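Heads up, the thing below is written out as structure tokens.
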Amino acid sequence: MPSPPETLCIFGDSHIGSVRRALDAGLVRLDGYEVEFWGAAGPLFRQIDIKNGVVRPIGQEAAEAVAMVNAKGRTSLAPSDFDCFVFYGARLRSAEFMLPYLHYMRDPHRAVSRDVMQAAAAQFLVSCRAVRIARSFAASGKARVYFAPAPLMTDGVLDQTAPGMPLALYPCAAAATAEDRAQIWGMFTRILASDGITLIAQPDETVVNGAFTDARFAIDGAQASGDAGHKSPEFAALMLRSFLATASQGGCEKTND
């Protein structure tokens, strides 16, 4: 007889909205999983924290936001609640590290050593509250934990060369190669793996102009709203397929007996 489905929690901020839309539209299927969403959008995501190994919203407004996202009455989150967790977006903004360090890698006058960059990557990851939650869940040994950081900014939505914008500060990032990006993703992978977390990196085929997400994955209305951060359901579907491929290698998926 077939094995019972795995339970899967997709935890995060407003980025998980595109995951829900991808599933609702049938762009990708999570066969073999019972899926729940948990988290909150915008500033209310900052009002989610972990204490004694359990994640809870802080305050009534955050609790109401979590209830709306989850819609199943789950008011808290513990590692034993699910077989698998995918932290999606969750305020781990990959662009904040990628842009400066891709620039340093490409600028012969600003190059940094691998050890320095590794230390900076470790500090960047641990500074994210959701990463600290993921570490706690993984350390419990009760669930398998995956992390898909927020994607790179969408190309062409904002003038990235304007004063104070990323390419004004880090122009050499636009010349970054797939190998450069892979080096940084590799650092993230190794650091997170040391804490029992599996990284789901942004697929490189979605990246253009060195350090940006292809405009074809822009969210609807991105130009009008200036939203270069959020992505389309099609992008979320790609990320879920990456999760499925990674999970099938790592034993998260159930197989038939």
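The values are calculated or read from the model by the stated rules, or taken from the named source; none is laboratory data. Keep in mind that this is a model prediction, so the values were computed, not measured. Virtual Cβ from ideal backbone geometry, glycine too; neighbours counted across all protein chains shown. Accessible surface is based on the protein model in full, side chains and every heavy atom, while ligands, DNA and RNA are left aside. Shrake-Rupley method; radii C 1.70, N 1.55, O 1.52, S 1.80 Å.
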Check: Looking only at residues in segment 62-82 that are hydrophobic (A, V, I, L, M, F, W, C) and closer than 29 Å to L152 by Cβ, which one is most open to solvent (accessible area, probe 1.4 Å)?
Finding: M68
Item checked: Output for segment 78-111, where each listed residue is touching a residue at least 24 places away in the same chain (Cβ under 8 Å), outside any helix (DSSP H, G or I) and of a type in the set (A, V, I, L, M) -> A78, V86, A90, L92
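Among the residues of segment 184-191, is there at least one that is hydroxyl-bearing (S, T, Y) and open to solvent by 20 Å² or more (accessible area, probe 1.4 Å)? Working first, answer last.
The first filter runs over segment 184-191 and keeps only residues hydroxyl-bearing (S, T, Y), leaving 189.
Right, trim to open to solvent by 20 Å² or more (accessible area, probe 1.4 Å) and you get 189.
Among the residues of segment 184-191, at least one is hydroxyl-bearing (S, T, Y) and open to solvent by 20 Å² or more (accessible area, probe 1.4 Å), which makes the answer yes.
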Next item on the list: State all residues of segment 114-152 that are open to solvent by less than 60 Å² (accessible area, probe 1.4 Å) and not in a helix (DSSP H, G or I); if no residue qualifies, say none.
Entry: C128, A143, V145, Y146, F147, A148, P149, A150, P151, L152
Margin query: If A168 satisfies all but one of (1) over 18 Å from P100 (Cβ atoms); (2) over 18 Å from the mean Cα position of the chain (by Cα), what's the number of the condition it fails?
Written below: (1)
Notebook entry, point to check: Within segment 139-153, is even one residue β-branched (V, I, T) and more than 19 Å from M239 (Cβ to Cβ)?
Noted result: no
Note to self: Restricting to segment 83-96, name every residue that is open to solvent by 10 Å² or more (accessible area, probe 1.4 Å) and of a type outside the set (G, A, S).
What the structure shows: D83, Y88, R91, R93, E96
Next item on the list: For segment 161-178, name all the residues that are touching a residue at least 60 places away in the same chain (Cβ under 8 Å), among the hydrophobic types (A, V, I, L, M, F, W, C) and surrounded by fewer than 18 Cβ atoms within 10 Å (Cβ to Cβ).
Entry: L169, A175
Margin query: For segment 199-221, give me each residue that is open to solvent by less than 20 Å² (accessible area, probe 1.4 Å), without any contact (Cβ under 8 Å) to a residue 60 or more places away in the chain and polar (S, T, N, Q).
Written below: T206
Notebook entry, point to check: What is the one condition in (1) over 18 Å from the mean Cα position of the chain (by Cα); (2) at negative phi; (3) without any contact (Cβ under 8 Å) to a residue 40 or more places away in the chain; (4) open to solvent by less than 50 Å² (accessible area, probe 1.4 Å) that G59 does not satisfy?
Noted result: (2)
Next item on the list: Answer yes or no as to whether G196 is small (G, A, S), open to solvent by 30 Å² or more (accessible area, probe 1.4 Å) and at pLDDT below 95.
Entry: no
Check: Which of the residues belonging to segment 40-56 are within 12 Å of S76 (Cβ to Cβ), open to solvent by 50 Å² or more (accessible area, probe 1.4 Å) and in contact with a Ser or Thr (Cβ under 8 Å, 6 or more places away or on another chain)?
Finding: R56
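Go through segment 1-74 and tell me which strands (runs of 3 or more DSSP E), entirely inside it, have 1 or more residues that are more than 20 Å from A130 (Cβ to Cβ).
6-12, 33-39
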Check: Which condition number in (1) in contact (Cβ under 8 Å) with a residue 12 or more places away in the chain; (2) open to solvent by less than 50 Å² (accessible area, probe 1.4 Å); (3) outside any loop (DSSP other than H, G, I, E, B); (4) under 30 Å from K142 (Cα atoms) is the one that R181 fails?
Finding: (4)
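From D24, D13, D31, which residue is crowded, with 19+ Cβ neighbours inside 10 Å, of a type in the set (D, E, K, R) and on the phi < 0 side of the Ramachandran plot?
Details: D24 fails: crowded, with 19+ Cβ neighbours inside 10 Å; D31 fails: crowded, with 19+ Cβ neighbours inside 10 Å.
That would be D13, the only listed residue that is crowded, with 19+ Cβ neighbours inside 10 Å, of a type in the set (D, E, K, R) and on the phi < 0 side of the Ramachandran plot.
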Check: Mind checking which residues of segment 76-103 are touching a strand residue (DSSP E or B) at 6+ places or on another chain (Cβ under 6 Å) and within 30 Å of T161 (Cα to Cα)?
Finding: Y88, G89, A90, L92, R93, S94
Next item on the list: Taking the options R46, R74, name whichever one is of a type in the set (K, R) and within 21 Å of the chain's Cα centre (by Cα).
Entry: R46
